[in-house]
1. Please report the relative contact order for chain A, taking Cα pairs under 8 Å with a sequence separation of at least 6, and give it as a percent rounded to a whole number.
2. In terms of the Cα gyration tensor, with a ≥ b ≥ c the square roots of its eigenvalues, is the stretch B:19-81 rounded because a/c is under 1.5, prolate because a/b exceeds b/c, or oblate?
3. First check a/c for the stretch A:85-162, with a ≥ b ≥ c the square roots of the eigenvalues of its C-alpha gyration tensor; if it is under 1.5, answer rounded, and if not, answer prolate when a/b is larger than b/c or oblate otherwise.
4. Any chance you could give the angle, 0 to 90 degrees and rounded to 10, that helix A:68-85 forms with the longest Cα principal axis of chain A?
5. Taking neighbour Cβ counts within 10 Å as the exposure measure, how do A:70, A:127 sort from fewest upward?
6. For the Cα atoms of chain B, what angle does the longest principal axis make with the long axis of helix B:30-39, in degrees from 0 to 90, nearest 10?
7. Counting other beta carbons within 10 Å of each Cβ, put A:74, A:136 in order, fewest first.
8. What value, in deg cm²/dmol to 500, does the helix sum -39500 (n - 2.57) over DSSP H runs of n ≥ 4 give at 222 nm once divided by the residues of chain B?
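Each value in this text was obtained by applying a stated rule to the coordinates, not by laboratory testing. If you're wondering where the values come from, they're calculated on a predicted model, not measured in any experiment. In this analysis, Cβ positions are derived from the backbone assuming ideal geometry, glycine residues included, and neighbour counts consider all displayed protein chains.
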């Protein structure tokens, strides 16, 4: 007989992160509540917001398109990686799709940690990585009625150079 | 064998559709799909010769072998955030 198997234990400081791709308005308070921990003294919420000008053109809004079935696992994997790099950090993120107006949040990243330094670092890293690899696209809609897909980043896939 | 092909954003506009099926002979790799699409005429002739592709929702190299029922997604440069 082997030793009594112990039940799987999730470390209280690194539960599975929370990721969602949604067409609903983003709720920062709700996301912060998901990642809060009694021993964490720092909670950081980053919001990316649609702005009214880009490259000299007046912006009416942005239409976001997402490969939802892939974007959610990609986001989850980024958050897991952040929690591995900064042990003790808890992370959550959401990205919107659909038509957003100026002033609306398109993305939010929430991080909590015992102290603030690692929260700032993890939050910045998650946003930088998300912009590189999340299968989401923005089509900027201008006040003059024109629109265009913004130039983006190519996710790494060992595909060789263009 | 048959694979499902998905297009998003700019590539969806080039293709004129979000989704199509393609019949391939066994042993085909992702770059064979790229070659077929670019040779098919229409907007997809301007697809990059080495686009980013995800098979079954994972980014993969163009040398990746395909199996029947695979989902091959063409991913234009991403611009989330």
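1. Numbers: 305 pairs, mean separation 49.7, N = 162.
After rounding, I find 31 percent.
2. Note, shape of the stretch B:19-81 comes out oblate.
3. Oblate, since a/c reaches 1.5 and b/c is not below a/b.
4. 50 degrees
5. A:127, A:70
6. 60 degrees
7. A:74, A:136
8. On the way: 2 runs with 17 residues, N = 81.
Helix contribution divided over all residues of chain B: -6000 deg cm²/dmol.
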